[in-house]
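What follows is a set of notes on a single structure, which appears directly below.
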Amino acid sequence: MKLFLDFFPIAIFVGVYSWSSDPHPMYPAVQALMIATVIQNIATRLITGKFEKLHLWTLVITLIFGTMTLVFRDPAFIFWKASILVWATSLVFFYRQFVLKKVLLKELFSKAIDEEMHVPEAIWAKLNILWSTAYFLFGFLNLYVAYEYSEPFWVKFKLFGLMGLNFVLLGYIMVKIFPYMPMEEEIKSDTLDRTTSAEELTEKKNDK
């Protein structure tokens, strides 16, 4: 569900652009993108009970650059929106790692898997730098495609190109941390130990 929500706005954007009968399909597509991003945040709040910071920042940037695209009738604003968003994400990863001394990638994966992983801190640090660097380069790649190729090609690149690169990056990270992920037997054993401890604690309280 989270993955669907993450890519929902861009899928709507590409869909409207591809099927719009407007002679300038970029503008109805941008309107749809803005609405879809609002829906994304509302749906996340209803499903998880809270807003996700990344989705909120995406909403703010999308509304600002989307509005500028529509007001000035210039697709360049929405071109730059994608790059600014990934650059901001890259900077957040770097800032948290080297200033706050917290590895954001580790935090995100721990929440997603909801199990303790005994991945060495050195590996997390390297993967976090890789993620940050890749996103920084994605921003330049986005602008290169936007200005060197046609608008329809850039729209498709946003969905298939950038999404594909994200999946490749994610797949590489999963391969690196897979040996440290808890196996099913370990999870069952840990769950059993917690249950036993809880039962023993309850019995002690009853004895008293």
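Here, each number is a calculation from the coordinates, and none is a lab measurement. Please read these numbers as outputs of a predicted model, since none were measured by experiment. Positions of Cβ are backbone-derived with ideal geometry, glycine not excepted, and every protein chain shown enters the neighbour counts.
Here are some notes:
- With 10 Å bins beginning at zero, the pair-distance distribution over Cα atoms of the range 1-145 amounts to 11, 34, 35, 16, 4, 0 %.
- Inter-probe distance in nm under a simple model that places probes 7 Å from Cα toward Cβ, at PHE7 and HIS118: 3.4 nm
- In this structure, the residue pairs whose Cα-Cα separation is over 28 Å, taken from LYS53/LYS126; LYS106/LYS158; LYS126/LYS156; LYS101/LYS156; LYS50/LYS176, are LYS126/LYS156; LYS101/LYS156; LYS50/LYS176.
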